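Below is one structure, written out as structure tokens; comments come after it.
The values are calculated or read from the model by the stated rules, or taken from the named source; none is laboratory data. Note that the structure is predicted; figures quoted are calculated from it, not measured. Positions of Cβ are generated from backbone atoms using ideal geometry, with glycine treated the same way; all protein chains shown enter the neighbour counts. These accessible areas exclude ligands, DNA and RNA; they are computed on the full protein's heavy atoms, side chains included. Shrake-Rupley method; radii C 1.70, N 1.55, O 1.52, S 1.80 Å.
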Amino acid sequence: MIAIIDYGLGNLNSVCGAIEKLGHQPYVTNHIAELEEANKLILPGVGAFADGIQNLKKLGLIESLTKLVKNQKIPILGICLGFQLLANESREFGKNKGLGWIDAIVKKINIENSDISIPHVGWNDLNITRDCVLWE
């Protein structure tokens, strides 16, 4: 069972739709008991790092998610902000501690070319070099 973690900052409908298109029936929750029933987790996210980690704290999810991911080895997919939250910390709007599951620091992308806007939102070309289930 695939659980999509609802901590108030994710585009849950889009993630659910993508998982359903792959033939699975995900469920959205922020209840620890329901997360413990999953064999896969998805942590989506849109917004600021500090808000994301604060929402996880307010919901009391950090310790339980850490046990599931680190101790029980339940696979987790972080999407956008959800992936950033897996890092040790972020330097977005000051220094903020993350979940610490990935030994990394999230930093702003410094650009030298002022013609490029950050964040980049849009479509780019993708050249597929080998077959993979993700491309189906």
Which percent of the accessible heavy-atom area of the chain goes to carbon and sulfur, probe 1.4 angstrom?
52
Long-range amide H partners of Leu77, meaning residues 5 or more apart or on another chain whose placed amide H is closer than 5 Å, are Leu41, Ile42, Leu43
Before anything else, pin down the relative contact order of the chain: Cα pairs under 8 Å, at least 6 apart, normalised by residue count, whole percent.
19
If you put +1 on each Lys and Arg Cβ and -1 on each Asp and Glu Cβ, how big is the dipole of the chain around its Cα centre, in Debye rounded to 20?
440
Karplus-derived HN-Hα couplings along the range 99-112 (A = 6.51, B = -1.76, C = 1.60, θ = phi - 60°), whole Hz, x at Gly and Pro:
6, x, 8, 10, 6, 7, 10, 7, 10, 5, 7, 8, 10, 8
Can you give me the accessible area per residue for the chain, using a 1.4 Å probe, in Å²?
70
Quick one: if the Förster radius is 22 Å, what FRET efficiency do Ile62 and Asn13 give, using the C-beta to C-beta distance and rounding to 0.05?
0.35
Which entry is the computed Cα extents along the principal axes in Å for this structure: (1) 40, 33, 27; (2) 52, 35, 18; (3) 48, 39, 25?
(3)
Residues of type lysines that Lys108 reaches as a straight line, Cα spacing below 19 Å, ignoring anything fewer than 8 places off in the same chain
Lys95, Lys97
Would you list, by chain and number, the aspartates and glutamates whose Cα falls below 20 Å from the Cα of Lys67, excluding same-chain residues fewer than 8 positions away?
Asp6, Glu34, Glu36, Glu37, Glu89, Asp103
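Give me the number: length gained by fully extending Met1 to Asn127, i.e. 0.36 nm times residue separation minus the C-alpha to C-alpha distance, one decimal in nm. All intermediate terms of the calculation are to be shown ahead of the outcome.
Values: separation 126, 0.36 × 126 = 45.36 nm, distance 3.19 nm.
In short, 42.2 nm is gained.
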